[in-house]
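Structure record follows, encoded as structure tokens.
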């Protein structure tokens, strides 16, 4: 075309140089660091941002170590760690039944959930009983909880979702199920978008996915969400995030878990990602 | 001479190997999906799977009826809209439009084929769903929007293949009809269309198969509620959308996972059936 071939070649070479220069940024191995090797972790996508960040910082501190983290879902994580395919299985749900045999659980963070509605919904809060009735499909109009004459549209997650399990357990008290008529989306992000654009919609998301500019979070039993409210034991909906190992962790895996649980990492990074540090106690 | 023969033989061997490999891969998929799926019936009765409307795997309820009905209804709506429109468009393009317009229209309809399904789904979700909710009520998500999106997606298939079918009709019989005093409309309706019927039917069947198997676009606008269709504008689910929603997070080897495999096997069976049907229909056309 119009561009002379030599100039095109130059552009390609420059681009290649840029790309390749990225590869060299990691300094050389440190002979004095006893920690070396590779560990892999997989599982929960809710926990993925936290696990990836931990891996990144850990690798910066220990140059001879590689930590590979991938998603795939909680069940996959549990399955893979149980079969020995990975060193750490990330999960939002505790392992149960056969899967739990031989697995050691490590709680690494507290994940609060928020109840979100369309930004123009005038309702500010619900009691847990009202919320449960709405999710079960017993209350179908916002009028019944002091809102406008508008049909309720529940937006839920698929039955294999750990978030859904948490809501069923904490809000419904394990009794009954979220109405099958509810719309179902397969990720936190999609629930948020659906609620954002649908008047009358109500849904639940991990606190780390909540965006105040897009949706409105409801107060529950008169409590507005905050980390402090979670720690004071006033916020009713939260779950633990787990990292599972097969047997007691040793060596590198142990070191990585210790790092994730260290006050330094917990205080500095965990709350930044929307979780509550596990190092703080929830008042009961 | 010898060298030529060796090269010849090697090439033939390589090509045969490729063909065998393709056949093996298809057989392997069928075998794997089928064996995983059919093992479901060790835990769940086929009666429940095919006829129960209750899908609640954590409580061991594996009724896949809502998804089968959902798939059929969505595909039906899509074809009800796209078949008449596509066929009318094909008649216009093949028999009425001037040459330059035909070229333009053909290019335009080919463009549709290249659009990724997630784009169709996204447009459906952000434009059609709110529009339907405001004007027709309900949740907006549902079989109506899914059917509309699919109708647009399969239209080029029907349009293109039907146009080819109409073009392929022997001009001699059309000229004969005109010479006998039939009008242009009578000729198209009574002569051209019946002559092209087998291939038009084949086009519609292929469109059915495409709509039935479409996943992403449907999943984005159907609502994914695992319940039987209640109305045009409330959430339900289809075989494909349910599989994509749950496949990644169900433990392999569990009845839940196998139920999803069984649904996939059903999809596979339907599309194979459609291909056989297309062949049967076209062969019948040749014989007449």
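The values are calculated or read from the model by the stated rules, or taken from the named source; none is laboratory data. Remember, predicted model here, so these are calculated numbers, not experimental data. Glycine gets a Cβ as well: all are built from the backbone with ideal geometry, and neighbour counts include every protein chain shown.
Taking only the stretch B:194-218 into account, find how many residues are assigned to a helix (DSSP H, G or I) and farther than 14 Å from residue B:158 by Cβ. Number of matching residues: 8. Number of residues in the stretch B:245-273 that are under 17 Å from the mean Cα position of the chain (by Cα) and within 15 Å of residue B:71 (Cα to Cα): the value is 9. Is one or more of the residues making up the stretch A:168-179 in contact with a strand residue (DSSP E or B) (Cβ under 8 Å, 6 or more places away or on another chain), crowded, with 19+ Cβ neighbours inside 10 Å, part of a loop (DSSP other than H, G, I, E, B) and modelled with pLDDT of 90 or more? Yes.
Restricting attention to the stretch B:235-249, the residues that are buried (at least 20 other Cβ atoms within 10 Å of the Cβ) and at the interface with another protein chain (Cβ under 7 Å from one of its Cβ atoms) total 4. In the stretch A:245-260, the residue that is nearest to residue A:83 (Cα to Cα) out of those that are surrounded by fewer than 16 Cβ atoms within 10 Å (Cβ to Cβ) and in contact (Cβ under 8 Å) with a residue 24 or more places away in the chain is A:247. Exactly one residue out of A:135, A:63 is over 23 Å from residue A:181 (Cα atoms) and more than 20 Å from the chain's Cα centre (by Cα), and it is A:63. Restricting B:226, B:252 to residues that are touching a strand residue (DSSP E or B) at 6+ places or on another chain (Cβ under 7 Å) and facing chain A (nearest Cβ under 9 Å) narrows the list to B:226. Scanning the stretch A:124-153 for residues that are in contact (Cβ under 8 Å) with a residue 24 or more places away in the chain, within 18 Å of residue A:174 (Cβ to Cβ) and surrounded by 17 or more Cβ atoms within 10 Å (Cβ to Cβ) yields A:131, A:132, A:134, A:135, A:136. For the stretch B:132-162, name all the residues that are within 14 Å of chain A (Cβ to nearest Cβ) and either touching a strand residue (DSSP E or B) at 6+ places or on another chain (Cβ under 8 Å) or at pLDDT 95 or above (or both). Answer for the stretch B:132-162, where residues must be within 14 Å of chain A (Cβ to nearest Cβ) and either touching a strand residue (DSSP E or B) at 6+ places or on another chain (Cβ under 8 Å) or at pLDDT 95 or above (or both): B:139, B:141, B:142, B:143, B:145, B:146. Scanning the stretch B:39-83 for residues that are within 14 Å of chain A (Cβ to nearest Cβ), part of a loop (DSSP other than H, G, I, E, B) and without any contact (Cβ under 8 Å) to a residue 12 or more places away in the chain yields one hit, B:54.
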